[in-house]
């Protein structure tokens, strides 16, 4: 019983730690790409452990007149050509796709009208194998500071 | 005998893992389907089986931080008016997770507002109020004494202060999520969102020549409210969260009346509702 209890604790600690690792990754890598000299972070940290072929989506409201930066990055254990697409909130009208832009990790956008958008991030399948690669994906958004 | 016991323990361990995995899987599936079904769209004609909702492993709702909304108010040319804020002296009045989480969000919004307008002493006071509530919620790691020291030593550097303030709000939120207290994080987001809307409404009313830009920005908060509702729906089973959903749905019904145009009657209705709800949070 004692062993079982210890193993449960180890398992629980591992679960929390893997979640925390992705959040730390978002803070470390995502914020670096955001360039905090010019941008302030907006919205919460969005980070998730993904495997090849998996996708996450994020709804985000943008205000007219503000300049936004979207940063999407994946940990080194994932393929580096992580795809991201920003569309209207229905997922129909594409505003930006990094597939057409050399898989860049950063996109700057100043909306002409206030709007709600949907950000879709997908880890591509590089080669089909029994054990797909898994790692952290982080999405960080920021808005430009006044006068920058 | 010892080996048998070990085998039983290992078996029990894997049973627990299997059960936990099933539970996590169920939770994830539920949260995904909840996001799919309950995500409210501005356009009622949206088909919920759209490609956009069909294949994601997880759906997030990213709300504007209070610093962003405060910057929008500053850009609109509105003057600093601290009389609408919740006094930092009230921090010790809040007891219980819901009240503390809501008011941590409210004080974070006030903190963002005063720091955007470069009010040094008020910034320190609101950061102290945030710290008091963070301590109450046992998230001291997110707002510790070093944050206050950093604020004090960068008093004359607006950019640095804004970065610290913004990071503090987001770190508190991330810390709660990392520690499986996402409901508390969601309640904190409601407090922050509501306070910024409350400040904007009061500033708009105070403004002699009604600032059309500000009115538009207020009505546009319906979009971020949809995100907030989407976030809250994930924790609907929680009684405290479900009471906040009721507040949001109450506001939503008024927002919907302004889909086509902003009538003064409906705008006033929105302002009255926001004041009433916010008042119930800070009491």
Residue that is farthest from residue A:57 (Cα to Cα), among those in segment B:61-79 that are outside any helix (DSSP H, G or I) and more than 7 Å from every other protein chain (Cβ to nearest Cβ): B:79
Hits in segment A:76-91 - residues which are out of contact with any helix residue (DSSP H, G or I) (no Cβ under 6 Å at 6 or more places or on another chain) and away from every other protein chain (no Cβ under 11 Å): A:76, A:77, A:78, A:79, A:80, A:81, A:82, A:86
Test: residue in segment A:46-55 that is under 9 Å from the mean Cα position of the chain (by Cα) and buried (at least 22 other Cβ atoms within 10 Å of the Cβ): yes
Whichever residue in segment A:92-148 is facing another protein chain (nearest Cβ under 9 Å) and free of Cβ contacts under 8 Å to residues at least 24 places away in the same chain and, among such residues, is farthest from residue B:159 (Cα to Cα): A:92
Conditions (1) within 14 Å of chain A (Cβ to nearest Cβ); (2) at pLDDT 95 or above: number failed by residue B:213: (2)
Number of the exception - residue B:55 against (1) surrounded by 21 or more Cβ atoms within 10 Å (Cβ to Cβ); (2) within 14 Å of chain A (Cβ to nearest Cβ): (1)
Only listed residue being at pLDDT 95 or above, within 14 Å of another protein chain (Cβ to nearest Cβ) and closer than 20 Å to residue A:64 by Cβ, chosen from B:232, B:197: B:197
Criterion (in the same structural domain as residue B:241 (by TED's automatic domain parsing), within 20 Å of the chain's Cα centre (by Cα) and more than 17 Å from residue B:187 (Cβ to Cβ)) met by exactly one of B:94, B:126, B:117: B:126
Checking residue A:123 against (1) within 14 Å of the chain's Cα centre (by Cα); (2) crowded, with 23+ Cβ neighbours inside 10 Å; (3) within 23 Å of residue B:182 (Cβ to Cβ), the condition it does not meet: (3)
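The values are calculated or read from the model by the stated rules, or taken from the named source; none is laboratory data. Just so it is clear, the model here is predicted, and its values are computed rather than measured. Glycine gets a Cβ as well: all are built from the backbone with ideal geometry, and neighbour counts include every protein chain shown.
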